[in-house]
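Chemist: I'd like to ask some things about the structure below.
The values are calculated or read from the model by the stated rules, or taken from the named source; none is laboratory data. What you see is a predicted model; the values in this text were computed from it and never measured. Please note: Cβ atoms are built from the backbone with ideal geometry, for glycine as well, and neighbour counts cover all protein chains shown.
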Amino acid sequence: MPSRLVDYFNKQPRIGLLSTANKEGKVDAAIFGSPMMVDEKTVVMGLGKNRTFEYLQENPNAVYTIVEQGETIMDWKGLRVYLKMKEYATSGETLENYKRQIAEVVNEDAAAMIHATVTFEVAEVRPLIDMGQGWEQSI
């Protein structure tokens, strides 16, 4: 049975902001809707040959931020999911299977843009706005 965290993370439609930094500390932030949490400790996504992928190879730490407006303008919900890249594949069966799935769900053009599949370990989960309430109260 999927956990509440996995269900929230994978809810569609949604987009989030993946923030990375290179070895010198230069920061990048990019919008993605594709990361999928396969269990409470693992996130998988596809990346193009881009700055995000480049930075992750230099520094495996990242944060994926999901933000959504609640019932009022002051009622923002969301999470900050801190990640550490465990592995990536730029060739092979894992990448080809992922591209096939993207082609079925999105289209062939989207699949062709994917250069690598990346697997992250979830290091920490924090609420969007942390007032000591824990992430469970923020979704």
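Chemist: Can you tell me which residue in the stretch 58-75 is modelled with the lowest pLDDT, limited to those that are out of contact with any helix residue (DSSP H, G or I) (no Cβ under 9 Å at 6 or more places or on another chain) and surrounded by 13 or more Cβ atoms within 10 Å (Cβ to Cβ)? Don't jump to the end; show me each part of the working.
Modeler: Keep residues of the stretch 58-75 that are out of contact with any helix residue (DSSP H, G or I) (no Cβ under 9 Å at 6 or more places or on another chain), which gives 58-61, 63, 65, 67-75.
Filter once more, so that each one left must be surrounded by 13 or more Cβ atoms within 10 Å (Cβ to Cβ): 59-61, 63, 65, 67-68.
On the way: 59: 98, 60: 98, 61: 98, 63: 98, 65: 97, 67: 93, 68: 89.
Among those residues, the one meeting the criterion is 68.
Chemist: Of everything in the stretch 63-85, what is out of contact with any Lys or Arg (no Cβ under 8 Å at 6 or more places or on another chain) and closer than 14 Å to residue 47 by Cβ? Give them in sequence order.
Modeler: Passing the criteria: 83, 85.
Chemist: Please verify whether residue 63 is within 24 Å of residue 29 (Cα to Cα) and in contact (Cβ under 8 Å) with a residue 12 or more places away in the chain, treating the condition exactly as stated.
Modeler: On the way: within 24 Å of residue 29 (Cα to Cα): yes; in contact (Cβ under 8 Å) with a residue 12 or more places away in the chain: yes.
Yes: the conditions hold for residue 63.
Chemist: From 72, 42, which residue is of a type in the set (Val, Ile, Thr) and either closer than 24 Å to residue 97 by Cα or touching a residue at least 24 places away in the same chain (Cβ under 8 Å) (or both)? Walk me through how you get there before you give the answer.
Modeler: Numbers: 72 fails: either closer than 24 Å to residue 97 by Cα or touching a residue at least 24 places away in the same chain (Cβ under 8 Å) (or both).
Only one candidate qualifies: 42.
Chemist: Of the conditions (1) modelled with pLDDT under 95; (2) exposed (fewer than 15 other Cβ atoms within 10 Å of the Cβ); (3) among the aliphatic types (A, V, I, L, M), residue 123 fails just one. Which one is it?
Modeler: Against the list (1) modelled with pLDDT under 95; (2) exposed (fewer than 15 other Cβ atoms within 10 Å of the Cβ); (3) among the aliphatic types (A, V, I, L, M), residue 123 comes up short only on (1).
Chemist: Give the residue that is farthest from residue 5 (Cα to Cα), with candidates limited to residues of the stretch 90-107 that are in contact with a helix residue (DSSP H, G or I) (Cβ under 9 Å, 6 or more places away or on another chain) and crowded, with 16+ Cβ neighbours inside 10 Å.
Modeler: 99
Chemist: Would you check if residue 80 is modelled with pLDDT of 95 or more and either buried (at least 16 other Cβ atoms within 10 Å of the Cβ) or among the charged types (D, E, K, R) (or both)? Before the answer, list the steps.
Modeler: On the way: modelled with pLDDT of 95 or more: yes; either buried (at least 16 other Cβ atoms within 10 Å of the Cβ) or among the charged types (D, E, K, R) (or both): yes.
In short, yes.
Chemist: Being of a type outside the set (D, E, K, R) and out of contact with any Asp or Glu (no Cβ under 6 Å at 6 or more places or on another chain) is the filter here, so list the residues in the stretch 82-101 that pass it. Can you show your working first?
Modeler: Step one: filter the stretch 82-101 for residues of a type outside the set (D, E, K, R), giving 82-83, 85, 88-92, 94-95, 97-98, 101.
Scanning the stretch 82-101 gives 83, 85, 88, 89, 90, 91, 92, 94, 95, 97, 98, 101.
Chemist: Contact list please: Cβ distance under 8 Å, first residue in the stretch 1-26 and in contact (Cβ under 8 Å) with a residue 40 or more places away in the chain and among the hydrophobic types (A, V, I, L, M, F, W, C), second residue surrounded by 15 or more Cβ atoms within 10 Å (Cβ to Cβ) and assigned to a loop (DSSP other than H, G, I, E, B), pairs at least six apart or on different chains.
Modeler: Partner pairs satisfying both residue conditions: 9/35; 18/35; 21/59.
Chemist: So which residues in the stretch 27-37 are touching a residue at least 12 places away in the same chain (Cβ under 8 Å) and touching a strand residue (DSSP E or B) at 6+ places or on another chain (Cβ under 7 Å), if there are any at all? If you could, list the steps in order and put the result at the bottom.
Modeler: Here is the first cut: in the stretch 27-37, the residues touching a residue at least 12 places away in the same chain (Cβ under 8 Å) are 28-37.
28, 29, 30, 31, 32, 34, 35, 36, 37, listed by residue number.
Chemist: Further, regarding this structure: Tell me, which residue of the stretch 108-120 that is touching a helix residue (DSSP H, G or I) at 6+ places or on another chain (Cβ under 7 Å) and in contact (Cβ under 8 Å) with a residue 60 or more places away in the chain is surrounded by the most Cβ atoms within 10 Å (Cβ to Cβ)? It would help to see each step written out before you state the result.
Modeler: From the stretch 108-120, those touching a helix residue (DSSP H, G or I) at 6+ places or on another chain (Cβ under 7 Å) are 110-111, 114-118; that's our starting set.
Filter once more, so that each one left must be in contact (Cβ under 8 Å) with a residue 60 or more places away in the chain: 114-118.
Values: 114: 19, 115: 15, 116: 20, 117: 21, 118: 24.
The qualifying residue surrounded by the most Cβ atoms within 10 Å (Cβ to Cβ) is 118.
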